Amino acid sequence: MTVPTDQHKEGKKDVTFRVFRFNPQVDSKPYFDDYTIPVERGITVLRSLNYIKEHIDGSISFRAFCQAGICGSCGMRVNGLSQLACTTQVWDVLAKSREPGIIKVEPLRNLPLIKDLIVDMDPLIDKMKNYSNWVDSTMPEIQMGKKEFLISEEEFLRYDKATDCILCASCVSECSILRANREYVSPAVLLKSYRMNVDSRDSLHEQRLAELVKDHGVWDCTHCYRCQESCVKSIPIMDAIHGIREDAIESRGMKDTSGSKHAEAFMSDIEKKGKLVEATLPIRTNGVVWTLQNLLPMAMKMIMKRRTPPPPPLVKSAKGIKIFRVMFKEMTEHVRQDHKSHKK
Amino acid sequence: MHASGHYERYGELREELGQTLALNVGIFRESSLLQKGIEDIAELKERFKKVRIFDTSDVFNTNLMQVLELKNMLDLAQTVAAGANARQESRGSHTRVDFPVRDDANWHKHTLATLVEGNVTLGEKPVTMGRYELQERTY
């Protein structure tokens, strides 16, 4: 092992990697190990981990393969942010490190931990199966292999970016909904679902959409945009999620999805009063039966504490509602025009 | 068991294997370099016997995987070097500086390498022709 001798040399310094350790066969709980190694400018986090594994501690475990940002194996959290170790420069991370000279490396969130930096990807794969994340061709089997199945360039551009996904699970790790509910479909699966749904060669559109509008599906997203911010391929994941929602409302109407009804109820309240009529919102979103079954105990508590929202007749219109209505009308018109131009 | 407790590290062995293959068993080859490569590989194989596995768990043991891969790499390197040394001609990317011309009379055949008790035995197999015929490479 080479020990750094010239610390003054530009572009080379000692960096401490604080690595998350957990071996389920030995450890009762996770801990961190510090490794201080000389790092040159231009070295990635993955190269540093490889160096540590080969020269200092062979037992640290992480997944990695291509080392070039193509395969998506080395997703991990570097200083708290989910990214690929192989495309993350040590120098860039150091510039933003909270503790100078220290880089914290942890496994991805929202997936079961196997060991050290390795997480179990199976839950994600299972969801991809559940939401039919593949193209089921409309071409009759007898024609397959005999002629090409072409699409227009215009159509291709609609899902070009979505096909860049390498399933590194960085978005899965950053997703705030998944953190609250592991059953949630997850951003990567929504992106793939969108990519398949807008493909004109695919025949599963209705089936896939029917699955997506159920519980834990596309309507559970809260628009926090963290998936899009953390995407290592800079894919606009939120565009895909919005795309699925618009598609769902358009081709299935308002009836079967509580999410779309929720959005519709919001819109009508805002248009009428300039604010929400909270008392009836659950009924309009999920129906009377659901509300009675799920929210009655809470409603009773609210009555006891005198915290019930006012009934609809008592909700006064917000100040400046007249000006607001004019603005609202104008915005609605803009959106409508926008949709028309998109359709072309 | 080694009384001194001396052991070898996977990382160092793999790095040295890469070095000697790049320097001596690369695209431009010649007998003396190949000989050196063969000796280096033999030495590394000897040192490999003392390699240590640091990860002793049986959950996702990437350390053990690396070491097993290195073992195969060493075997493969040995057969590649032996085959390259035996083939006294240049063909495709196998460029023997000491035999720069393709020699179809003696070498238009596959080399079959077998490892028997750590030593390479070289055999051969005729090439099935049909689609393309032999002709001089002029580009």
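The values are calculated or read from the model by the stated rules, or taken from the named source; none is laboratory data. All values reported here derive from a predicted model rather than from experimental measurement. As a convention, Cβ positions derive from the backbone with ideal geometry for all residues, glycine included, and neighbour counts pool all protein chains shown.
A few remarks follow.
- Within the option set A:Ser260, A:Ser268, A:Ser251, A:Ser317, being surrounded by 11 or more Cβ atoms within 10 Å (Cβ to Cβ) and in a loop (DSSP other than H, G, I, E, B) holds for one residue only, A:Ser317.
- Qualifying residue in region A:41-50 (condition: exposed (fewer than 13 other Cβ atoms within 10 Å of the Cβ) and modelled with pLDDT under 95): yes
- Checked against the criterion of being within 14 Å of chain B (Cβ to nearest Cβ), acidic (Asp, Glu) and either without any contact (Cβ under 8 Å) to a residue 24 or more places away in the chain or closer than 22 Å to B:Thr62 by Cα (or both), region A:83-92 has no qualifying residue.
- Answer residue from region B:1-15, given it is surrounded by 15 or more Cβ atoms within 10 Å (Cβ to Cβ) and outside any loop (DSSP other than H, G, I, E, B) and is farthest from the other protein chains (Cβ to nearest Cβ) among those: B:Glu8
- Only one of the numbered conditions (1) surrounded by 16 or more Cβ atoms within 10 Å (Cβ to Cβ); (2) in a helix (DSSP H, G or I) is not met by A:Ile235, and that is (2).
- Looking only at residues in region A:50-73 that are more than 11 Å from every other protein chain (Cβ to nearest Cβ) and in contact (Cβ under 8 Å) with a residue 40 or more places away in the chain, the one that is nearest to B:Tyr10 (Cα to Cα) is A:Ser73.
- Taking region B:21-139 and the helices (runs of 4 or more DSSP H) fully enclosed by it, the elements with 3 or more residues that are under 21 Å from A:His55 (Cα atoms) are at B:31-48, B:62-86.
- Selection count, region B:71-82, where residues are surrounded by fewer than 18 Cβ atoms within 10 Å (Cβ to Cβ) and either of a type outside the set (A, V, I, L, M, F, W, C) or under 20 Å from A:Ile56 (Cα atoms) (or both): 3
- Total residues in region A:300-314, condition at pLDDT below 85 and surrounded by 13 or more Cβ atoms within 10 Å (Cβ to Cβ): 3
- Residue in region B:53-71 that is away from chain A (no Cβ under 14 Å) and modelled with pLDDT of 95 or more present: yes
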